[in-house]
């Protein structure tokens, strides 16, 4: 009979959590890449006035990304 080892359980739980976080990170990178491409392509003058604040919020969020994160986001989108 094997003895219960709480450290193994904690390690397994931590490993599972890290895997979930990494999967979420990939999804967020894809989203950021798509948002960056949207900002690159959209002609804000042709958008309905009701969506201009949303487009500006997307553009602002993309611009706030570090260069490295933006590069990763665009690569993640390209790989898809």
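Brief remarks follow.
- Any chance residue 21 is over 19 Å from residue 79 (Cα atoms) and modelled with pLDDT of 95 or more: yes
- Tabulated pairs, region 54-66, first in contact (Cβ under 8 Å) with a residue 24 or more places away in the chain, second assigned to a helix (DSSP H, G or I) and buried (at least 16 other Cβ atoms within 10 Å of the Cβ), C-beta under 6 angstrom, 6+ apart or interchain: 62/35; 62/36; 62/39
The values are calculated or read from the model by the stated rules, or taken from the named source; none is laboratory data. Computed from a predicted model, the values in this text were never measured in an experiment. When we count neighbours, we look across all protein chains shown, and the Cβ atoms used for this are built from the backbone with ideal geometry, even at glycine.
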